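Just below is one structure, and these are the notes that go with it.
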Amino acid sequence: MSGSFYSNSTFVAIVILAIVLLLIAALMVWVLRHITSILKENTDVEVEPSFYERTIKPKMDSWNPTIVTLLVIGGLVGVLFVYGYDYGWTEIGVQQGYAPDQPINFPHDKHAGAMGIDCQYCHTTAGKSKHASIPSANTCMNCHKGAQLRDNYGGKVSPELMKLYTSVGFDPETSSYDEDAETYPIKWVRIHNLPDLAYFNHSQHVTVGNVECQTCHGPIEEMAKVEQFSTLQMGWCVNCHRQRGIDVKNNKYYEDVHKEMKANKEHYVTVAQNGGLECSKCHY
Amino acid sequence: MSNSENKYWRGIEELEANPATLENVSNEFSDKLPMEEILGDSEELSSNRRDFLKFFGFSVSAVALAACNKTPVKYAMPYINKPEEVTPGQALYYATTCGVHNEGFPVMAKVREGRPIKLDGNPNSPLSQGAMSAAGQASILSLYDVNRLPHPKIDGEDEEDWKNVDKKVNSILAGAAGKPVYVVSRTVTSPILKASIEKFMEAHNATHVVYDPISYSGITKANQESFGQAVIPSYNFDKADVIVSFGADFLGTWISPTKFTADYSKNRVPTPEKPEMSKHYQIESLLSLTGTNADYRYSIPASKQGKYLVSLYNMLSSGSGELELPGNALKQIAAELKAANGRALVVCGSNDKNDQVIVNAINDLLGSYGNTINLSASMNLSDYDEAAFESFVSKAGSAGAIVMLGANPVYSYNNGTKLVAALAKVPVISTAMVVDESSNGAAVHAPTNHTLESWDVYQPMNGHYVTSQPVISKVFNTRSAAESLRAWAGEDIAMGDDQASHQWVVDYLKGLGVDANKALHDGFVDQTPSASSATFAGSVSAASSAINANYKASTGFDLALYQKVGILDGNSALNPWCHELPDPVTKVTYDNYVSISRHDAETNEWEQGDIVKVSANGVEIDALPLMIQPGQARGVIGIALGYGRNVQTTLDNDLVDLGKNAYPFVQSSATGTNYMVQNVTIEKVDSGYEFAQTQTHHMIEGRDYLREATIDEYKENNAVRNEHKFETVSLWSDYDYSKGHHWAMAIDMNACTGCGSCVVSCHIENNVPVVGRTEVRRRRDMHWLRIDRYYSFEADADETASVRVGPSNVDQDFKKGEWSTKENELAGLDKVSKKGDKDFGHYDSVKVVHQPVMCQHCDHAPCETVCPVLATTHSSEGLNQMTYNRCIGTKYCGNNCPYKVRRFNWFRYNKNSKFDYHFNNELGRMVLNPDVTVRSRGVMEKCSFCVQNIQMAKLNAKIENRKVKDGDAQTACAKACPSNAIVFGDRNDPNSRIAKMFKNDRSYKMLEEVGTDPSVLYLTKIRNRKEEVQHS
């Protein structure tokens, strides 16, 4: 499936238009043949059998019309199904593989990969809040005030980085902020979009559940351009909740659960067993 | 053994088995589709099978086409410089103020990503005690009001630059040379604004005039006379064992209702250790919210109130008085007041100085001063002096300039038209946030900030300073009135960015000798002086002879003008939450009306919904609907103030032109303001008005939902009315809830006053849509939490003995095969009303119970078993979960719910011009709680026990590596409740308050016998009264 947002409505319009044109063409062929047959009857002129009549028609006459019809319909349904599946998938908000262009071509592979910067250095609230949050521009400036990436651009500042400098009103030549410059936030394109009806909290997963960022977001440290790694469908959430265990030992909140496990000589309790599949854990 | 003697009913239509009401009861989701409107009634147009196929085909293709939208691209915009304290997704709480009852009510504002979304009472201040009134909670919407002026205006033209505004004001003031300049404000409790006004007065030789729509001058003048202190004292209802209120609605609208409710309820809950509670007598003409909570209530004509006060005084001092209440009650009251030995309190809602002098004399006799009344910690509620204002009105026309500082006398002054004529001649400078009646046509509009955008200090109570800090950056180009006044006084300070205001606040707090940062953090500084005793120096004889001289028998009706709990003086006219909240007593939404006693209505052959013309003293209201109100005194009609506002608005909804303005009836002169009018005539002009009244929505058809007993019965048996325990048999294999959490709620009906604060709180917290008057009429209100109000007659035990009312005769009735059949109950109800009293005397005095009802989170929930798509399910924590995205809207669950708490979402209420309330504009939507889904049409919704807060509490505990503490998870209703009637928590936590409630003998579950096993407990209502009829 394509990662970008092609316009589905345009595509649908083209398909409908093509079908209508085909139908009109078929009608015209039928009318033409009808007219020729009438002409033939009326004029009684012997006409040389055409290529179609000589070679194709006898073969076609030998085919079973029911099977042919079924095959054609089957083929059409198949095509429509494949299209519809793909269409419906994106329509309900499944955007796995979605990798939109960002206002600044930010390379995660350099930062998280090559540099090995911890995810939460920039996404500071992932462990504290519902949102992992995109870092504010001043976080970028912590490093990029100094790291101006001039090596690959013949001594000039990287044009991508220049966008950051402009947004915060920073002059790389003097390495100082221009107090009078108009600053503006960077308008990043959101990749992971949950529907409003689902409540997701990062801190629950990052801090309490000790889930690695990569579990859901994939090998971010290798992505030059970030794409949506998981489906973010409910089934995907639920599967994980069914498999993953809770670290009951190291959190006093789960003290009672831990005691009971010990009493029952159990060693593993999944999120699901602790009520993690119940509707109002995520929907309210 | 006696059962609950009372037969409860919600309205006369239910009592008399009105056919329309009965039909409504049997058709829960009443309205048929308005096919006639769409198709007309022609035969040809009725649809047949082919039409069905056409519609079907059309809808399929329409849906297919409508689905052809590409998923929108969403953006995420981070800060440029993230403020240190902000964590996106986490709420911050700031102590600040709101200005509804008294200016400077201490609140905690919940702020998400820079916008306040909820106000709760400041838990530590004695004024709020963590709670907040319905109107106060709703006031947050005035911040996001689209009617607010976005920037200043000069001569009607928009102006962005405040310097030009100042220039224009200065030129007006310069042109006023020689003529008087007035500053008209409401009572100012902010010392900072006061200082600014003084600077302005000095600079322009101006006069400050205070105008309040509701006057308390009777009290201040009486205290001046009695004690030499022109103050409104603070009353301590928690210290009173006997409370007598003459028409003072102190739980609803009088002086400081939130504080009074909190105090009052402290002494209203008997426990096995201390089976005592205060005794409350209410003697009034209209049935007020306070009256509904009284142990004994007597209706008297409003005009005789003063004479009753004198009689009570005489009984206390000399043992006999002129007037008496039925059953020699006044004598009894006098005896009990004396016996209370200083723990007594008499209050009076009258604004007549003489009445209040008598009240002071009574309280002095009882030794209340220094105990239940504190003159030192006076309430700075009103400095309104009628004489000063009248003199302003007479001279206003010749003034050089008038600064309207938030006062709106054109609307609420009884001679507003005279004032309009005067104002038309004078350049008016207004600081109002919206264009109201008084600033309509002002030369300069210099809109002030909203309280939530301002730095300020208020002193609502003597010695109690409440701080205000901005919790949002300014929404519009506004400037605080204090700064504006200083600018116009010629001071050269940094204006507009609040630097100056902040500095004034810090300086002022330093002046009080406190740490400014700590004070701003706490939200208040408490230096309240302790109560001192006072010596009464007034003249009782002068006051009582004045009362006797002023009393004239009325030739028509007495008109009592009152305030409604949600609307108050009418300041929040365009706040939909205030209007969607049903009146606590009548359960009417949106309208004001003429309330009348049953007797008077029957005598004049008037019916509920008749439209009447009311006239008195040359003032007239041409059409108001008539509302028959049980419990109302004969010869008295009541009309609520605060309606008929005329605010400039772009909205097109039910709040525009709502009700009729009753302020012109107010008797105001230089000597005082009186809200009681005599010699009123009523004339029926039309009939058939349909109220948007919720009282007969979701009737529970006479089943066992209420339990009440007297204090004596309680002393004998703590489990009175709850002795009968039902044996339940379950069809399902039971789930073990003993592990983990088991959330539950308890509602103490002894503490609950029915004030409606929880209803509004729930609305705000859970993004409940406002549906408007028409939809309420169709019984489609969306309240997740409603307060049922039941009436019962004073002594009807004998007549109703045959009607099944309590749980104790269930067994017998069940054997007789008569249990819970609808016909039986309604026949019984009918019988009560036909008990032969053509005088309708039994309607003069009714007992009232308020019962908040929300989803009961039944552990055997009937709704869950009937949902065909499993959209409503049960959680292991005992929650009845509602999953909107699964719901297909069959409404089976709502049908099967015995408590009628599920609400069907009939329309998309957001982005829908038919419902032009705050859901439909960008600004209004800022108040939405981002943690709760905004539901779309076609789904069921209901109380979730504020599961978002439960989840947050659990998560915080996990992050902090601890267990959930009692009180971590709170529902919005429990937080808002001024009387702490609602307790929420984890019943599996043995130390929680809720676990103790489950052990309380007073607790019962509603409709226990149907075996739903609810998670909500109710605590039997105990009344401090002798039961008049005991039958075996």
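Cα-Cα over 28 Å: which of B:K110/B:K1005; B:K307/B:K684; B:K274/B:K975; B:K274/B:K900; A:K259/A:K281?
Table pairs above 28 Å Cα-Cα are B:K110/B:K1005; B:K307/B:K684; B:K274/B:K900.
Classify segment A:196-253 as rounded, prolate or oblate from the Cα gyration tensor: take a ≥ b ≥ c as the square roots of its eigenvalues, call it rounded if a/c is under 1.5, otherwise prolate when a/b beats b/c and oblate if not.
prolate
Over its Cα atoms, what ratio of radius of gyration to 2.2 N^0.38 Å does segment B:428-519 give?
Compactness ratio reported: 1.18.
State the Cα centre-to-centre distance between segment B:903-974 and segment B:657-724 in whole Å.
Here the answer is 31 Å between Cα centres.
Calculate the dipole size of chain B relative to its Cα centre from +1 charges on Lys and Arg beta carbons and -1 charges on Asp and Glu beta carbons; express the result in debye to the nearest 20.
1600
Please give the per residue volume of the convex hull enclosing the alpha carbon atoms of segment B:552-693, rounded to a whole number of Å³.
120
Cα-Cα over 26 Å: which of B:K74/B:K958; B:K279/B:K304; B:K194/B:K474; A:K262/B:K999; B:K587/B:K1026; B:K552/B:K838?
B:K74/B:K958; A:K262/B:K999; B:K587/B:K1026; B:K552/B:K838
Give me log10 I(q)/I(0) at q = 0.13 Å⁻¹ for segment B:276-359, Debye formula, one equal scatterer per alpha-carbon, no solvent.
-0.39
From the Cα gyration tensor of segment B:916-1032, with a ≥ b ≥ c the square roots of its eigenvalues, which class applies: rounded if a/c is under 1.5, or else prolate if a/b is larger than b/c, or else oblate?
Because a/c hits 1.5 or more and a/b fails to exceed b/c, segment B:916-1032 counts as oblate.
For chain A, modelled as a GNM with alpha-carbon contacts under 10 angstrom, which of A:V72, A:V168, A:V29 fluctuates the most?
Comparing A:V72, A:V168, A:V29 in a Gaussian network model of chain A, the most mobile one is A:V29.
Give me the Debye-computed log₁₀ of I(q)/I(0) at q = 0.10, 0.18, 0.19 Å⁻¹ for segment B:227-378, equal point scatterers on Cα only, no solvent, two decimals.
Taking Cα atoms of segment B:227-378 as identical point scatterers yields -0.31, -1.08, -1.22.
Which value, to two decimals, describes the C-alpha radius of gyration of segment A:20-159 once divided by 2.2 N^0.38 Å?
Scaled against compact globular proteins, the figure is 2.30.
By per-residue mean of other Cβ atoms within 10 Å, what is the highest-first order of B:572-579, A:169-176, A:214-221, B:88-95?
Ranked by mean Cβ neighbours within 10 Å, highest first: B:572-579, B:88-95, A:214-221, A:169-176.
Rounded to a whole number of µm²/s, how large is the Stokes-Einstein D of segment B:177-261 at 4 °C and 1.567 mPa s, given Rh as the Kirkwood radius over C-alpha pairs?
Estimated via Stokes-Einstein, D reaches 82 µm²/s.
Taking every pair of Cα atoms in chain A, average 1/r, invert it to obtain the Kirkwood radius, and report Rg/Rh to two decimals.
That ratio is 1.22, to two decimals.
Please report the projected area of segment A:8-91's Cα convex hull averaged over all directions, in nm².
7.6
Equivalent ellipsoid semi-axes for segment B:119-167, as square roots of 5 times the alpha carbon gyration tensor eigenvalues: give them largest first, rounded to whole Å.
36, 13, 7
Find which of B:N415, B:N351, B:T258 sits farthest along the positive direction of the dipole of the protein assembly as shown, computed with +1 on the beta-carbon of Lys and Arg, -1 on that of Asp and Glu, about the Cα centre.
Positive-end residue among those listed: B:T258.
On average, how much area does the Cα convex hull of segment B:239-303 cover when viewed from any direction, in nm²?
4.4
If the convex hull of the alpha-carbon atoms of segment A:140-284 is projected onto planes in all directions, what is the mean projected area in square nanometres?
Projected area, direction-averaged: 13.0 nm².
Please name which of B:N766, B:S992, B:V242 has its Cα lying farthest along the dipole of chain B towards the positive end, using unit charges on Cβ (Lys, Arg +1; Asp, Glu -1) and the Cα centre as origin.
It is B:S992.
Over the whole of B:80-91, what's the average partner chain Cβ count within 10 Å per residue? Rounded to a whole number, please.
Neighbouring Cβ atoms belonging to other protein chains average 5 per residue here.
Excluding residues on the same chain fewer than 8 positions from A:K59, give the lysines whose Cα lies under 24 Å from its Cα.
A:K40
So how do B:112-125, B:478-491, B:599-612 stack up, highest first, on mean other-Cβ count within 10 Å?
The most tightly packed comes first, giving B:478-491, B:112-125, B:599-612.
Work out the mean other chain Cβ neighbour count within 10 Å for the residues of A:198-210 and drop it here as an integer.
Partner-chain Cβ atoms within 10 Å, mean over residues of A:198-210: 3.
Cα to Cα, under 17 Å, and not fewer than 8 places away if on the same chain: which aspartates and glutamates meet these conditions relative to B:K266?
The reachable aspartates and glutamates, counting only those whose Cα sits under 17 Å from B:K266, are B:D238, B:D241, B:E276, B:D295, B:D748.
To make sure I understand, if each residue's beta carbon is the centre and we count other beta carbons within 10 Å, what order do B:F557, B:F476 fall in, fewest to most?
So the residues, fewest neighbours to most, are B:F476, B:F557.
How large is the charge dipole for the protein assembly as shown, taken about the Cα centre, if only the Cβ atoms of Lys, Arg (+1) and Asp, Glu (-1) carry charge, to the nearest 20 debye?
1740
Along the Cα→Cβ direction, 7 angstrom out, place labels at B:A537 and A:L71. What is the inter-label distance in nm?
11.6
Short version: what are the Cα gyration tensor semi-axes of chain B, square root of 5 times each eigenvalue, largest first, in whole Å?
Here the semi-axes work out to 43, 38, 30 Å.
Compute the relative contact order of chain B as a whole-number percentage, counting only Cα pairs closer than 8 Å that sit 6 or more residues apart in sequence.
16
What are the radius of gyration and Dmax of the protein assembly as shown, computed over its Cα atoms and given in Å?
When restricted to Cα atoms, the protein assembly as shown yields Rg and Dmax of 35.6, 137 Å.
Quick one: putting +1 on the C-beta of Lys and Arg, -1 on the C-beta of Asp and Glu, what dipole do you get for segment B:196-303 around its Cα centre, in Debye to the nearest 20?
It comes to approximately 140 debye.
Of the options B:S285, B:T589, B:S142, report the single residue whose Cα projects farthest towards the positive end of the charge dipole of chain B (beta-carbon charges: Lys, Arg +1; Asp, Glu -1).
B:S142
Values quoted throughout were computed directly from the atomic coordinates according to the rules given, and no laboratory measurement underlies them. If you're wondering where the values come from, they're calculated on a predicted model, not measured in any experiment. Neighbour counts run over all protein chains shown; Cβ positions are idealised from the backbone, glycine included.
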